[in-house]
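So the structure is just underneath, and the comments pick up after that.
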Amino acid sequence: MPTLVLSHRYSPDSNALFSAAISVGWDVERLHSFRCPDGLAAREPVFYGETILADAIANDLGITLLEPTSDWLPRLPERHRLRDVRLTTLAEALSIQERVFIKPTDEKCFPARVYANGAALDPDPVLPPDLPVLVSEPVVFEVEFRFFVREREVAAFSPYICSGELARNAAGEWEADRAEVEAASASIQAVLEDADVELPPAVVVDVGRMAGRGWGVVEANPAWASGLCGCDPAAVLSVLRRATVARGMLSEADRRWMRHVG
């Protein structure tokens with residue numbers, strides 16, 4: 001059986017996945033440093049945790065992690081994203097004169113948000129000018145849903161954001177009305193059934209309703225580093241398992257989506 005590999009950070013998500021893995025007969029290894037116990041690579045490791053930890057231990061585990069490419073959202077057909085999005089560099093983003101949404105493609109090296117202009121970003125001077133960033137026209141997402149997807153099928157989903165806040169009620173439950181659930185489900189199905197959309201075999205896709213535009217894709221992220229946001233942890237395990245590939249089992253199709261370290 002697989003072994004779920006978790007970081008030392010005890011979070012509600014990692015705890016939920018820990019319990020789900022135990023319930024289906026998986027082993028679980030919670031790491032307490034950036035080193036792996038001897039023999040862990042031979043125990044069919046399935047990773048869930050922070051990117052910095054993933055990059056540090058992937059070689060020791062003998063795994064490749066799958067994720068969407070930096071240009072996935074800009075390459076997505078406009079009918080699914082409903083706004084202009086492009087991949088550029090930090091240097092070019094700083095020269096933008098109008099109001100714009102700017103987001104780093106990897107790691108949270110600066111806040112992803114709407115800036116009055118590129119200069120307002122004021123990044124840490126140690127960041128390289130060629131750092132890849134996404135820039136897009138500002139839109140307002142009124143509600144967002146998170147979908148864990150495996151082989152172009154939804155494995156688990158949950159409401160995520162409503163009016164800029166986490167979509168949780170006073171009891172801590174994730175909630176949305178039926179019409180929103182149906183609309184979000186229709187939106188993700190349109191993406192999954194579109195032959196023009198390239199998609200990793202395991203991924204998280206967020207969709208949302210944009211004010212004045214309708215339902216479209218917010219972004220895509222690595223399943224192994226994404227919050228559950230109320231998604232069924234037992235169902236998420238199958239997505240994490242597909243997102244973690246033993247080096248010797250990496251197919252040509254998977255190579256398109258492999259995470260590159262360094």
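The values are calculated or read from the model by the stated rules, or taken from the named source; none is laboratory data. Predicted model, so just to flag it, every value in this text is computed and none were measured. Please note: Cβ atoms are built from the backbone with ideal geometry, for glycine as well, and neighbour counts cover all protein chains shown. Please note that ligands, DNA and RNA were not included when accessible areas were found on the heavy atoms of the full protein model with its side chains. Shrake-Rupley method; radii C 1.70, N 1.55, O 1.52, S 1.80 Å.
For the chain, the solvent-accessible area with a 1.4 angstrom probe is 49 square angstrom per residue. Mean separation of Cα pairs under 8 Å and 6 or more residues apart, divided by the residue count, gives the stretch 179-244 a relative contact order of 30 percent.
Rounded to the nearest 20, the Cβ-based charge dipole of the stretch 22-165 about its Cα centre (Lys and Arg +1, Asp and Glu -1) stands at 340 debye. When only Cα pairs below 8 angstrom with a gap of at least 6 residues are kept, the stretch 138-224 shows a relative contact order of 35 percent. Distance between the pseudo-spin-label points of residue 261 and residue 194 (7 Å out from Cα toward the beta carbon): 3.4 nm. Sorting 58-67, 171-180 by their mean Cβ neighbour count within 10 Å, with the most densely packed peptide first, gives 58-67, 171-180. Quick one: pull the percent of accessible area on the stretch 1-157 belonging to carbon and sulfur, 1.4 Å probe, ligands and nucleic acids left out. Of the solvent-accessible surface of the stretch 1-157, carbon and sulfur hold 51 percent.
Maximal additional length on extending the residue 42-residue 55 stretch stands at 2.8 nm, based on 0.36 nm per residue less the C-alpha distance.
Taking the C-alpha atoms only, the angle from helix 233-243 to the longest principal axis of the chain is near 90 degrees. Using only alpha carbon pairs under 8 Å that are at least six residues apart, calculate the relative contact order of the stretch 105-262 and give it in whole percent. Value for the stretch 105-262: 24 percent. A straight line joining the Cα centroids of the stretch 5-64 and the stretch 114-144 runs 32 Å. Quotient of the Cα radius of gyration of the stretch 132-262 and 2.2 N^0.38 Å, N being its number of residues: 1.10. Taking 0.36 nm per residue of sequence separation and removing the Cα-Cα distance, the residue 186/residue 87 pair yields an extension gain of 32.9 nm.
Here each label is just a point 7 Å from Cα along the line to Cβ, and for residue 130 and residue 175 those points are 5.1 nm apart.
Springs between Cα atoms under 10 Å define the GNM used for the chain, and in it the highest mean-square fluctuation of 109, 231, 162 occurs at 109.
The C-alpha atoms of the stretch 80-183 occupy a region whose extents along the principal axes are 44, 33, 26 Å, arranged from largest to smallest.
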